[in-house]
1. Looking at the stretch 888-905 only, could you name the residues that are over 19 Å from VAL576 (Cα atoms) and of a type in the set (A, V, I, L, M, F, W, C)?
2. Say we look at the stretch 714-742 and pick out the residues that are polar (S, T, N, Q) and buried (at least 23 other Cβ atoms within 10 Å of the Cβ); which of these is farthest from the chain's Cα centre (by Cα)?
3. Looking only at the stretch 603-634, which residues are surrounded by 23 or more Cβ atoms within 10 Å (Cβ to Cβ), in contact with a helix residue (DSSP H, G or I) (Cβ under 8 Å, 6 or more places away or on another chain) and hydroxyl-bearing (Ser, Thr, Tyr)?
4. So, ALA244, is that one without any contact (Cβ under 8 Å) to a residue 12 or more places away in the chain and either more than 24 Å from the chain's Cα centre (by Cα) or buried (at least 22 other Cβ atoms within 10 Å of the Cβ) (or both) or not?
5. Within the stretch 177-186, identify whether any single residue is assigned to a helix (DSSP H, G or I), open to solvent by less than 10 Å² (accessible area, probe 1.4 Å) and touching a residue at least 12 places away in the same chain (Cβ under 8 Å), and answer yes or no.
6. Please go through the stretch 637-669 and pick out each residue that is in a loop (DSSP other than H, G, I, E, B), closer than 15 Å to PHE139 by Cα and open to solvent by less than 70 Å² (accessible area, probe 1.4 Å).
7. How many residues are part of a strand (DSSP E or B) and either open to solvent by 10 Å² or more (accessible area, probe 1.4 Å) or under 18 Å from LEU404 (Cα atoms) (or both) if we restrict to the stretch 149-176?
8. Filter the strands (runs of 3 or more DSSP E) completely within the stretch 839-922 down to those with at least 2 residues that are surrounded by fewer than 23 Cβ atoms within 10 Å (Cβ to Cβ).
Amino acid sequence: MLKFFSSKPIHDPIHKQASADEIKNTTCYMCACRCGIRAHLRDGELIYIDGNPEHPLNKGVICAKGSSGIMKQNSPARLTQPLLRKPGSNRGDGEFETISWDRAFELLTNRLEHIRNTDPKKFALFTGRDQMQALTGLFARQFGTPNYAAHGGFCSVNMAAGMIYTIGGSFWEFGGPDLEKAKLFIMIGTAEDHHSNPMKIALSKFKRDGGRFISINPVRTGYSAIADEWIPIKPGTDGALFMALMHELIRQEKYDAPFLKRYSNSAQLVCLDPGPEEGLFLFDPTSDPVNVDLPHNKYIWDEHLQCAMPCFTQGSSPALTGEYVMGAGPHEGKRVAPAFELLRKQVLLTTPEWAAEKTGISAERIRQLAKEMAYAAFDQAFELPIQWTDYWGEEHSSVTGRPLAFHAMRGLSAHSNGFQTTRGLAVLMSLLGTIDRPGGFRHKAPYPRQVPPNVKPPSSENDIKPNTPLAKSPLGWPTCPEDLSLDNDGNPLRIDKAYSWEHPLAGHGLMHNVISNAVKGDPYHIDTLMIFMANMSWNSTMNTVEVREHLNAKNDQGEFKIPFLVVCDAFQSEMVDFADLVLPDTTYLERHDVMSILDRPISEFEGPVDSVRIPVLETLGECKPFQEVLIELASRLKFPAFVNAEGGRKFTNYVDFITNFQTNPNSGIGFLSGWRGKDGDKSLKGEPNPNQWQKYAENNCVHQFHFPLEHQYMRNWNKGYLDFSKENALRQKNDPIMIAVYSDILQKFRLSTTGKRPGATPPEHLKERISKYFDPLPFWYPPLEDEVTDLNRFSFNAVTQRPMAMYHSWDSQNAWLRQIHSHNYLFINSDAAKKQGIADGAWIWIESQWGKVKCMARYSETVDPGTVWTWNAIGKAESAWNLSNDADESKKGFLLNHLITEELPMQNFKVSNSDPITGQAGWYDVRVRVIPAGEDEPKEVWPQFKAHQVPGMIFNKRTK
Ligand code: SF4
């Protein structure tokens, strides 16, 4: 039933409201944070949303976005019916006819069935900031296509991969700063996003308790506003700062040597001789490797005995520095050095003076910063009387606290040097001994995991077969060149070229290159591209103008180069116009959903936490949750995991699927960890429980499992925890997770360029690139865009950040949140602006070598003088999101995306404008210049685009 034709005002803030007659719990989805909320209803209508005080994540706290969910529900941009583009119309014209779901399913099933039976990789599924990647990934794998990823490649994969390839965990969902016990908190490269309300709660307590908060960021906004000190830094140079800090700490011998020796690979011996083992660890063939994927049977150099010994030999005294020659045995005569010695040499020249010139932070301040960090980590250290046993059987009576916590996210990530920068941070944190210790960085389940997790992407054409699930997971963690996703000729198996020689460790894919690659047929053409919840013709793409042209591009026969484009979204975003088939999604208040332990749960330091959404409102119009769409398609296409032994449908719907699906027959592991077992008395593992949803509903939509205290720290090496994590499928193995100060995985790729290593070798034109960037030790290099830019002409760095009150492009149709932001400015340091002759509030042109944009400037004292910045995704195409034709969003709001290229021209070829290791989009690498607009130029943003109203939008009146 369409409930929103009411003539009553949606909200009158001064009208005295009668109280709600019903309160229902669910989980917010106004941003990625996933707070617990209470929906207050009267006569079935939503009248108020507040935070759920019983919820472990936000404890009742709610933000402006969360409480404005009511207006998202009442958005004039809601889609309500499946739509099919009218035959003969162009994409982008908004010419649609409404169709039934039956027809939509029939159409899709027929098309996808043919693809699956012939060449499954011709179907590509890419999703935006959805929270069900365990399901979408399962769908893609069962379909048999490698062409699947979520948005991580253009979000923060460098942070995830850089940390996971070093310490086996990462920030935000999988770990974070222990502000409860920290005394010094360094936040670097983080705006107000991702971990939102919990961070605010923790920060306010940290400050009240007297903690010192230093923010290092080009811009002082968001959390930085309450920092005790703001240190401006030039974008893309954080890695140089980390190198200089490591230089200082090592020079002054202010590092946690016992921690490094026992818990990292710092003391393990690396072969220095040229040849197939050059730069790799040497292995002792007489010792047990323990884990054949990542063997542990390496050597250390015993300082007392002056000889090599197997790692972890009882009573040995490992050296961290020096160079040695192996004695009698399988490696006799080989020159070796502990990995730490190589790190020491790597940072010899990265002095504070060296970094000062790059970062804009004085050498003196960098030295002082190193001192402050060492003081917090070592002079303020403490012991917690918690008994635990390490992997090697040694019993410890306490856990050492190092009250120095870091937090970082996209500011480090979204650069083409972000992976090595993140490695730099992770190694710095390790030098200071802060990993999974009180007051430092702490993991959240299911992390820590192996370095890296033992999941590999498809590595041969044989892994992709018609009418067959993919042999491996579409996304994974390569550990050597042989794990790359390449065909027999060495060409990329994936449409986005993830896991190819261009981006070998592309853990989250490269969604930002899919459309361009598919249109060019490079590496091949696809048939159907399904996009869920991603505004790929607008703020989720680089080079917006050209990508919009690509979406409409036709071949010589007049056929679209991407033959079929399916868009699933709840709102009339800019992307909808380009769809052939539009599937109307529900809002988060209208559906079931899980924040799964198999995916990205909301775990706490103390143990796994997962949560659900339960509908609090009826579904609007013909909207259908994307989850249900996937279950329906999977059942119709008869994916093996979705049919029973007789070939019949296994799951009636999404709720049934979540209740009964197990990762393997009788594994006892499913999407939800709470109230498992027939009687609901098991956690994490147990047979399906038909009443599981009910139990979540009765318990604030959340399940929390507390590890015993002795399993809460030092989890990489904590025997009790490691055994528990294997028993409960948080990990596949229970061997220790050694910190990779030195990455032999990266070295294997580097070695592959020399011809010394047997096995796969990169194409000639990429050898230099791999050799340069796959350094086994962290290093800093300028962002790739700098190499092809006239830095004198384009002297400003330009960055964006997500506003506190809006999430991506989602909230411009939200009547309350639009009152906070309806347009954006380019913020520029006032002195820098005056030098350019730019007045506060003036119209200006921003130009990069890739494009230009006209917008308004705003003076700011809280931005580094060499940087300009703006809010992301406020600008809109005219009429998109059902805004009026003259709405501020399209006339005064702008996108910086028009200035960013998705490809960079190298000497003889083009590469993605991304990190050469992970493929993370280099959003924050763009260099620009700013000039005043002419007096006679229209006072309106340029370029301008138009979107179209589509059938089925029930609020035909546009938002003014
Ligand atoms: S922080 Fe995010 S999830 Fe939490 S209330 Fe705000 S919008 Fe909702």
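1. Matches in the stretch 888-905: PHE894, LEU896, LEU899, ILE900, LEU904.
2. By that ranking, first place goes to ASN718.
3. Once the filter is applied, which keeps residues that are surrounded by 23 or more Cβ atoms within 10 Å (Cβ to Cβ), in contact with a helix residue (DSSP H, G or I) (Cβ under 8 Å, 6 or more places away or on another chain) and hydroxyl-bearing (Ser, Thr, Tyr), the stretch 603-634 yields only SER611.
4. no
5. no
6. LEU637, PHE639, PHE651, ASN653, PHE661, GLN662, THR663
7. 3
8. The strands (runs of 3 or more DSSP E) meeting that bar are 843-847, 852-860, 903-905, 910-912.
The values are calculated or read from the model by the stated rules, or taken from the named source; none is laboratory data. What you are looking at is a predicted structure, and each value in this text was computed from that prediction instead of being measured. With ideal geometry, Cβ positions are generated from the backbone for all residues, glycine too; neighbour counts draw on all protein chains shown. Heavy atoms of the whole protein, side chains included, go into the accessibility calculation; ligands, DNA and RNA do not. Shrake-Rupley method; radii C 1.70, N 1.55, O 1.52, S 1.80 Å.
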